[in-house]
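**Student:** Have a look at this one.
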Amino acid sequence: AVMNTNPKALAVVFFHLSDQYERKKIILSKEAMRQIHQASLWFTIEHGQTSLLPKALNKECIIAFTSNQNTTSKLQKDVAETFQSLGYDVNEEVICRKTGYSIDAVVTFKNVEVAVEVDGPSHFIGYQPTGNTILKHRQFRNLGDKPLVVVPYWEWNKISNEQRNNNKG
């Protein structure tokens, strides 16, 4: 999932994919289109290359990527409610106009917006982020329109446990 290749090598893949798509020799799944969108972001924006995808395919990939249904976890709700209780304005599940990524929350205080990603256990293998998580964070940091703060579940749980212990004493 983490793009770490030469843009020229990917250009060959995009060219072949585009040719097969336009000749209707391949049918792409929604998951494949989501991944093509991520690769296209890497190719065009992170590396300044001209898109090699046909406009129709590019549009289908963006639609597939942005229509991916996200669920709001209890952890995400807890984080959002805590920010709200501290006086911050919070908007949940915001789509970044530049990348198409869904951001868990945008927190605003004194006209400053910060994107907040609340990453639960499915975003990690042990305490290391998965490839998808690394790619999302990197692309959002490089291409997004606001700073990104990541809240890993174990750090949130530690804070929550400490708070509960302080309330007992």
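**Student:** What number of residues within segment 1-29 satisfy the criterion of being within 28 Å of PRO129 (Cα to Cα), in contact with a helix residue (DSSP H, G or I) (Cβ under 7 Å, 6 or more places away or on another chain) and loosely packed, with under 14 Cβ neighbours inside 10 Å?
**Tutor:** 1
**Student:** Restricting attention to segment 36-61, which residues are surrounded by fewer than 18 Cβ atoms within 10 Å (Cβ to Cβ) and not hydroxyl-bearing (Ser, Thr, Tyr)?
**Tutor:** Across segment 36-61, the qualifying residues are ILE45, GLU46, HIS47, GLY48, GLN49, PRO54, LYS55, ALA56, LYS59.
**Student:** Mind listing whichever residues of segment 111-122 are open to solvent by 30 Å² or more (accessible area, probe 1.4 Å) and in contact (Cβ under 8 Å) with a residue 12 or more places away in the chain?
**Tutor:** Selection gives GLU113, VAL114, PRO121.
**Student:** Test VAL106 against the stated conditions and say whether it is in a helix (DSSP H, G or I) and within 30 Å of SER160 (Cα to Cα).
**Tutor:** In short, no.
**Student:** Looking only at segment 140-160, decide whether some residue is out of contact with any strand residue (DSSP E or B) (no Cβ under 7 Å at 6 or more places or on another chain), open to solvent by 70 Å² or more (accessible area, probe 1.4 Å), at pLDDT below 95 and among the β-branched types (Val, Ile, Thr).
**Tutor:** Yes, some residue in segment 140-160 is out of contact with any strand residue (DSSP E or B) (no Cβ under 7 Å at 6 or more places or on another chain), open to solvent by 70 Å² or more (accessible area, probe 1.4 Å), at pLDDT below 95 and among the β-branched types (Val, Ile, Thr).
**Student:** Looking only at segment 80-103, how many residues end up being within 18 Å of the chain's Cα centre (by Cα) and either in a loop (DSSP other than H, G, I, E, B) or touching a residue at least 24 places away in the same chain (Cβ under 8 Å) (or both)?
**Tutor:** 10
The values are calculated or read from the model by the stated rules, or taken from the named source; none is laboratory data. Being a predicted model, the structure only gives us computed values, none of them experimental. Every residue, glycine among them, receives a Cβ derived from its backbone with ideal geometry; neighbour counts consider all protein chains shown. SASA here: full protein model, heavy atoms, side chains in, ligands and nucleic acids out. Shrake-Rupley method; radii C 1.70, N 1.55, O 1.52, S 1.80 Å.
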